[in-house]
1. For the stretch 102-175, just say rounded, prolate or oblate: build the C-alpha gyration tensor, square-root its eigenvalues into a ≥ b ≥ c, call rounded for a/c under 1.5, and beyond that prolate if a/b exceeds b/c, oblate if not.
2. Restricting to Cα pairs below 8 Å that are 6+ residues apart, what does the relative contact order work out to for the chain? Please round to a whole percent.
3. Along the principal axes of its C-alpha atoms, what lengths does the stretch 29-136 span, in descending order and rounded to whole Å?
4. Order these peptides, 185-193, 45-53, by their mean beta-carbon neighbour count within 10 angstrom, highest first.
5. List the aspartates and glutamates whose Cα sits under 17 Å from the Cα of Lys3, skipping any in the same chain fewer than 8 residues away.
6. How would Lys64, Lys3, Lys70 line up from fewest to most surrounding beta-carbon atoms within 10 angstrom?
7. Take the alpha carbon gyration tensor of the stretch 48-198, find the square roots of its eigenvalues, order them as a ≥ b ≥ c, and report rounded if a/c is under 1.5; if not, report prolate when a/b exceeds b/c, else oblate.
8. Using 0.36 nm times the number of residues separating Lys104 and Ala124, minus their current alpha carbon distance, what extension gain do you get?
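Please treat every number below as a calculation from the coordinates, not as lab data. If you're wondering where the values come from, they're calculated on a predicted model, not measured in any experiment. Note that we place each Cβ from the backbone using ideal geometry, even for glycine, and neighbour counts take in every protein chain shown.
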Amino acid sequence: MLKQIANELKKHAPFTFLGATTGIIIMAVIVFANVSPGTSRALFYILHPVHVVLSALVTTAMYKRHSKGKLWAAILIGYAGSIGIATLSDAIIPYLGGSLLGIKIGFHLGFIEKWWLVNPLALAGITIGYWKSITKFPHMGHVLLSTWASLFYFTAFGTANWIPLLPFILLFLFLAVWIPCCTSDIVFPLLFTPSKKG
């Protein structure tokens with residue numbers, strides 16, 4: 001299993017780096033266009049819930065594809081894999097990254113603050129993933145949306161002179177997506193399948 005995890009992380013690193021680079025380009029545009037934190041906040045609360053949908057869809061679909069697909073198990077795995085790991089990716093890692101960089105940044109959890117939106121969307125993603133086990137294109141979208149949600153967390157809830165910090169932000173965007181999203185979409189659901197192969 002560890003070999004498979006390492007292989008998946010290696011395969012996903014280039015695409016994740018490309019996604020993080022698009023995030024840095026967007027952040028530079030935000031800084032130079034003087035986009036308000038309110039706009040970033042609105043974009044975060046759009047991208048984070050959509051990220052949760054795709055994460056739930058892929059996590060559930062991977063579980064269903066490689067197991068007998070019991071509904072109750074698919075719901076639990078899809079929910080934990082999407083809400084838990086999307087929160088780690090979109091909020092906790094950016095918050096910790098901002099704190100390590102000395103940025104004044106607030107701590108926000110989308111699935112609590114917007115529970116009425118995020119949780120039903122997780123269930124919608126689980127439903128789609130259970131009935132239609134597609135993984136490739138939703139996973140690619142998941143990686144990009146996660147990158148952008150993490151980026152907008154920084155600019156929505158943090159205040160800093162961003163331009164000198166861009167190389168460090170690139171690193172945190174990469175880490176916020178690379179390990180959590182690959183874990184959520186590939187490794188996490190396979191832990192609950194009989195063969196643990198995929």
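1. Because a/c hits 1.5 or more and a/b fails to exceed b/c, the stretch 102-175 counts as oblate.
2. The value is 40 percent.
3. 50, 27, 25
4. Packing proxy ranking, top to bottom: 45-53, 185-193.
5. The qualifying aspartates and glutamates are Asp185.
6. Placing the least packed residue first, the sequence is Lys3, Lys70, Lys64.
7. Details: a/c = 2.65, a/b = 1.95, b/c = 1.36.
Verdict is prolate for the stretch 48-198.
8. Numbers: separation 20, 0.36 × 20 = 7.20 nm, distance 3.48 nm.
Separation in residues times 0.36 nm, less the Cα-Cα distance, equals 3.7 nm.
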